[in-house]
Amino acid sequence: MRNTARWAAALGLTAAAVCGPLTGTAIAAPASLYAPSALVLTTGHGDSATTVTPERAVTLSCAPTATGSHPAAAEACAELRDVRGDFTALKARADVHCTRLYDPVVVTVQGVWQGQRVAYERTFGNACAKDALGSSVFAF
């Protein structure tokens, strides 16, 4: 009687393992262990992103490792992690002095940062003001 119970249990478990995925009740594995972080950053001369033609664009992906066409991807990802993806928290250095020549430069960021949609735009007075940000995020 004992052997019959074992065989029945083994047969039931085998049937569940073989036929379970065929019933559509299988649990899918997660696509990734990391929240997606993929950004497209652009820069161009003009007053706003709606009127400017991007002169340069780079990609930046920070999960699981820093990749993309950004020239300093690892540094940019580290800086974004430090400010938790808040681009407004990137501050200008106090030791840089720029002229007041108005030649506006627009930077934009579109994409996803740690699973959250990102849409950021900022207009700097000139390229010096953009470069004075003291961050490698917009240094491309």
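The values are calculated or read from the model by the stated rules, or taken from the named source; none is laboratory data. Note that the structure is predicted; figures quoted are calculated from it, not measured. Here the Cβ positions follow ideal geometry from the backbone for every residue, glycine too, while neighbour counts run over all protein chains shown. Accessible surface is based on the protein model in full, side chains and every heavy atom, while ligands, DNA and RNA are left aside. Shrake-Rupley method; radii C 1.70, N 1.55, O 1.52, S 1.80 Å.
Annotations for the structure displayed:
- Taking the range 24-135 and the strands (runs of 3 or more DSSP E) fully enclosed by it, the elements with 1 or more residues that are of a type in the set (Phe, Trp, Tyr) are at 105-113, 116-124.
- Given (1) open to solvent by less than 40 Å² (accessible area, probe 1.4 Å); (2) free of Cβ contacts under 8 Å to residues at least 60 places away in the same chain; (3) farther than 21 Å from THR123 by Cβ, index of the condition VAL83 fails: (3)
- Applying the condition of being touching a Leu at 6+ places or on another chain (Cβ under 7 Å) and modelled with pLDDT of 95 or more to the range 60-75 and asking which residue is farthest from PHE138 (Cα to Cα) yields GLY68.
- Looking only at residues of the range 88-123 that are among the aromatic types (Phe, Trp, Tyr) and modelled with pLDDT of 95 or more, we find that the one that is most open to solvent (accessible area, probe 1.4 Å) is TYR102.
- Residues (without any contact (Cβ under 8 Å) to a residue 60 or more places away in the chain, surrounded by 12 or more Cβ atoms within 10 Å (Cβ to Cβ) and of a type outside the set (Phe, Trp, Tyr)) located in the range 31-56: VAL52, PRO54, GLU55
- Within the range 57-77, residues that are surrounded by fewer than 17 Cβ atoms within 10 Å (Cβ to Cβ) reach partners that are of a type in the set (Phe, Trp, Tyr) with beta carbons closer than 7 Å, at six or more positions or on different chains, in the pairs PRO64/TYR34; PRO71/PHE140.
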